Structures are given as C-alpha cells and as structure tokens.
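Colleague: This is the structure, below, for whatever I ask next.
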Amino acid sequence: MLTVDFDRLGIGARSTVIDVGCGAGRHAFEAYRRGADVVAFDQDAAELNNVDAILQAMKDAGEVPASARTEV
C-alpha cells in the first residue's frame with residue numbers, strides 16, 4: 001500500500017527522491033518505477049540489502065527507464 005500520491009507530487013523522470021527510513025522500500029520502488037533517481041536509506045542493514053536486491057531486479061527486468069538511478 002502506497003501512502004504517497006506520486007501523481008500529485010509529480011514524481012517521475014528528472015526527479016530525485018531520498019527515502020529516509022525506507023523500510024521494505026515500497027515508496028522507493030514506485031519512485032524508481034516512475035523514472036526518478038532514488039536514494040534509499042534505513043538503519044536496518046538487512047532490510048537495505050533486500051531493497052537493493054529488488055531495485056536491481058527491477059532494473060534487470062526492464063521495469064524502470066534506463067535513465068533512472070538508485071543508491072542504497
């Protein structure tokens with residue numbers, strides 16, 4: 001469940017999103033899917049490893065624009 005209205009915020013290509021306290025990454029994933037450059041951060045290193053793996057899988061599967069970047 002997303003708690004952010006990405007359409008209302010205009011998040012997409014050429015946007016940069018810093019997701020502090022990203023948890024499982026649901027908002028980072030949606031911003032990335034829309035083409036934003038995403039920085040995901042959380043204190044839980046295991047959770048961050050999962051988020052990083054999913055972001056990479058999204059890229060490998062072609063689910064995000066080629067121009068979008070991530071950093072975890």
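The values are calculated or read from the model by the stated rules, or taken from the named source; none is laboratory data. Just so you know, these numbers come straight off a predicted model, no measurement behind them. Here Cβ is always computed from backbone atoms with ideal geometry, including for glycine, and neighbour counts include all displayed protein chains. When the accessible area is computed, the model is the full protein with side chains, heavy atoms only, and any ligands, DNA or RNA have been set aside. Shrake-Rupley method; radii C 1.70, N 1.55, O 1.52, S 1.80 Å.
Colleague: Restricting to the range 6-33, name every residue that is open to solvent by 80 Å² or more (accessible area, probe 1.4 Å) and either touching a Ser or Thr at 6+ places or on another chain (Cβ under 6 Å) or assigned to a loop (DSSP other than H, G, I, E, B) (or both).
Modeller: Of everything in the range 6-33, just one residue is open to solvent by 80 Å² or more (accessible area, probe 1.4 Å) and either touching a Ser or Thr at 6+ places or on another chain (Cβ under 6 Å) or assigned to a loop (DSSP other than H, G, I, E, B) (or both), namely R14.
Colleague: Here is a follow-up. Sort out which residues of the range 37-61 are more than 14 Å from A24 (Cα to Cα), open to solvent by 60 Å² or more (accessible area, probe 1.4 Å) and outside any helix (DSSP H, G or I), and write them in order of number.
Modeller: The answer is A61, and nothing else.
Colleague: Residue pairs, Cβ under 8 Å, 6 or more apart or interchain, first in the range 25-49 and within 16 Å of G10 (Cβ to Cβ), second in a helix (DSSP H, G or I) and of a type in the set (S, T, Y). List them.
Modeller: V38/Y32
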